[in-house]
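Step one of this worksheet: look at the structure below.
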């Protein structure tokens, strides 16, 4: 892979991202005309106007949240698939999603809304849950010698099952009035985040992404197997640690800020591999941009399909993701060569 | 959700009449205001918990006492928005709430001194009584903390203060029962946005919609340019409320937890919309009908009632649920009212062991569209032939829309429950002419 | 002259094998390989051959003893440095390996720039040379999964060559190959050894291959080095019979006069000292 090819691909995806973002700015249930949106964007709209609020305080932050979440999930998915050499691995396999979901449900149960959490809502609870699950998975999986990938997978699944059961317990304790909110949250939903959480989200996502993308070349070598990777000078344990922490950070923040959104981490890297080949140096950064585009489009659909009611974006991604997953399963042998 | 109720909660609800023995409470204020000559009398069983100081005098309202100033009587004087400030240690009232027949008004001390007229919600009847109340407040000495004047200040039932630039002309309701109340008190023209679930009365369906209760479109809300958004912690999500707040749209939170709360809510919404008289009339009519039901069923023994809110898993109303209150008013004893939770999951075994004599199965969904759960539940419960209720054929499906929505139709629901629980009470010729159902007003 | 690799009294035990009756997978192994030497490790299954390969490439670290690469203790070298000195050719790549021939060979350049995101022109030149040496240039754009076993073997070898190692370790290089390809690989190894002077360590079950290409043969049994020396000295019928536990005859190949090992059928009926242990090598 050459820098030139990477630049071309990323530039193309970047253009697609900007186009999707612009399109998303112009559509919505408020019935703001394109001319009004343009006026807002060029600063020619009245300061107190509804259009200003809709475009700058609702659509723009929501677009930012969608792009960040999509990028984070796709990079985490691609990274985790490379790490486990399992093309069907998804960030949720880490158990971190369940942990975060548990945190969020717990937050609802203890009657969140204490003023401390006003700015971040469920996010802080979810984030703590994600971190806790991540740490548990890590501790369970790590042995004296290192962090074997199969232990990581297994620990992730087990911890995920445990937290899912814990969620069920909590849900049966939860007040009926709050149940709707919890289930709504569990479906995965984007909302316009205020500036401060958005900044936190962005920084954690960038940090997590850097941990993974920076080791793209090593992840390629890992496809040869752990022993072969060691023989090529790759510290497989350190790499596993780094990518796991990165993926857990990415997944955890996404789940914390927008809820557990499935399938993005599965679909986007796969689609990209089919088009661009397996090289992680291409796939990981491209997944960042393409994931952003995908989730942004999905969310724009979610906002507008049944306007003014909103679908959960998690529903849209799963709706596209499930058939894609089946397609993958059925054509697995054909795909093996390009996975 | 948000800050809890400010002030003593009992006072908020104490709209019921009580035996009164006169206990005079002399003002203990530091400075005498314009109405210094008016005496505030406290009439009621309670005694001041803190015998001196102005906030303490107000806190005394929290134990069910009633007050009288001259001709006007009112239920409670409750200090609100209690806050700590830098210059004064512990708690201090920055604003007081006065309930007159269930209609609250809010007074800011600094303004009481300067203005003779009422300060709180402006466009309201009851001026004389209010003026006297204000005067009395000045007597009590809560004056002295200047606050910037607001054109329209109101505190919602959960104790949050809303400072509005003017009385709200455009209201978005995220709560179906609030939508019903607004229609019933004739405030529908101020209602500019409703949820997909606001399906009653028919006029509500014609209002612009902003989405569901859980996930309304913020854009659609903003596009309605509301002066205030009415939401509830039980049904809307905290995130929605927070997001609307961030968009600088005031949120009026309602959270009725009892039949009295619902009547109070009617009054408060009248205050919010400036339709105080209509609201008071509606509240009074609802109260009359409730009292009528109580009177009719009171002579009869109270059967054990099981209310099936949801069949699988079995969800029932617990002690805190409004429905439990309705069952009680309808002359029944809810067998599940022993659970402290509002809506617990309940073991079918435990419910059967209570041998209910009447079983109600809630029918959900909008009118006409059968949800089907009631059929499931009926089949399930019909099998227990050993139950007294089943043996006597006293398993009824009831319209949940009447019982689970805390609007004016709740009293229709109450009457329905009462007729089913005590058919014998309603066979006798009616004692009084029934007032028109307020839900159909308009 | 500093040996390319020198093992001194190396012992190794797998952590999970503590209760195993033969606790040590490798014990008291000492040998040294000179630059340009071709040596072959032979021995029955579970004799410790693969463990030895792992120790040389620092996948494993000895419990006792030291391994030195060009005089430096392997434990003190950073992993990339080890990979610049020792290249290992495993038997095969994992199933589902998605990369093309060129991408695979370029992976051999990672130790020469572990911090770099992209390969340099030198990396590309080294890969091109390695592909040319193993005659896979024409396959450069093919996915590895679509190649035959022999082609794949040559690609993996090219990847190892791209590492530009001092020591080339091949684990069963002919295991998947038909006779013609076996001949080709042997010829290739000889040529590489002659042209670049790389030291080659083979691990093989093929005693005749060992006899044909090796300057020296290391015979292992039960984790110990039983005998080290030129093919003539190691490929002794009595010694082999005792190690492998079957009837063996050794004679001379007509042209090269190198020893040629034959299995005699039927093998001895009695139970053998080197009976098949459970662990694979």
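Just so you know, all these numbers are worked out from the coordinates, no wet-lab data involved. The shown structure was predicted, so the numbers you read here are calculated from the model rather than taken from an experiment. Because the Cβ atoms are built from the backbone with ideal geometry, glycine has one as well, and the counts that use them run over all protein chains shown.
At-a-glance table
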| item | result |
| --- | --- |
| For peptides B:166-179, A:303-316, A:284-297, sequence by mean Cβ density within 10 Å, most packed first | A:284-297, B:166-179, A:303-316 |
| Cα gyration tensor category, rounded, prolate or oblate, for the range C:158-202 with a/c compared to 1.5 | prolate |
| Within chain A, helix-based [θ] at 222 nm, where runs of 4 or more DSSP H residues each add -39,500 (n - 2.57), nearest 500 | -23500 deg cm²/dmol |
| Peptide-level mean, for A:38-50, of C-beta atoms on other protein chains within 10 Å | 1 |
| Hydrodynamic radius by Kirkwood, which averages 1/r over all alpha carbon pairs of chain A, in angstrom | 20.5 |
| Size descriptor, Kirkwood hydrodynamic radius, that averages inverse alpha-carbon separations across the range A:1-160, Å | 19.1 |
| Tail fraction, Cα-Cα pairs, the range A:177-260, threshold 19 Å, whole percent | 52 |
| Computed lengthening from residue C:129 to residue C:1, 0.36 nm per intervening residue step minus Cα-Cα distance | 43.2 nm |
| Cα Rg over Rh - the range C:65-129, Kirkwood | 1.03 |
| For the range B:150-301, alpha-carbon Rg over 2.2 N^0.38 Å | 1.07 |
| At q = 0.20, 0.34, 0.35 Å⁻¹, base-10 log of I(q)/I(0) for the range C:200-239 (Debye sum, equal scatterers on each alpha carbon) | -0.55, -1.40, -1.43 |
| Computed E for residue C:122/residue A:322 - FRET, C-beta separation, R0 45 angstrom, nearest 0.05 | 0.40 |
| Rg/Rg_globular for the range A:212-308, with Rg_globular taken as 2.2 N^0.38 Å and Rg from C-alpha atoms | 1.28 |
| Average beta carbon contacts from partner chains per residue of C:91-102, 10 Å cutoff | 5 |
| Mean Cβ neighbour count within 10 Å, used as a protection proxy, ranking B:243-254, B:343-354 highest first | B:243-254, B:343-354 |
| Enclosed volume per residue, in Å³, of the convex hull spanned by Cα atoms of the range B:185-234 | 90 |
| Gyration tensor over alpha-carbon atoms, the range C:1-98, equivalent ellipsoid semi-axes in Å | 21, 19, 14 |
| Spin-label proximity, residue B:340 to the range B:292-327 - amide N less than 13 Å from point 7 Å beyond Cα toward beta carbon | B:319-320 |
| Peptide-level mean, for C:106-116, of C-beta atoms on other protein chains within 10 Å | 4 |
| Computed FRET value (nearest 0.05) for residue A:162 with residue A:23, which takes r as the C-beta separation and R₀ as 41 Å | 0.50 |
| Spin-label pair residue C:45/residue A:207, simplified geometry with 7 Å Cα→Cβ offset, distance in nm | 5.1 |
| In nm, spacing of pseudo-spin labels at residue B:319 and residue C:253 (7 Å Cα→C-beta vector) | 9.5 |
| Calculated P(r) of the range C:104-220 - Cα pairs past 18 Å, % | 52 |
| Alpha carbon Rg of the range B:235-374, scaled by the compact-globule rule 2.2 N^0.38 Å | 1.27 |
| Debye-sum result for chain C in log10 I(q)/I(0), which assumes one identical scatterer on each alpha carbon, at q = 0.10, 0.14, 0.15 Å⁻¹ | -0.54, -1.06, -1.20 |
| FRET efficiency estimate (nearest 0.05) - Cβ-Cβ, residue B:189 to residue B:300, R0 51 angstrom | 0.70 |
| Residue C:227-residue B:170 pseudo-label distance in nm [points 7 Å out on the Cα-to-Cβ vector] | 10.0 |
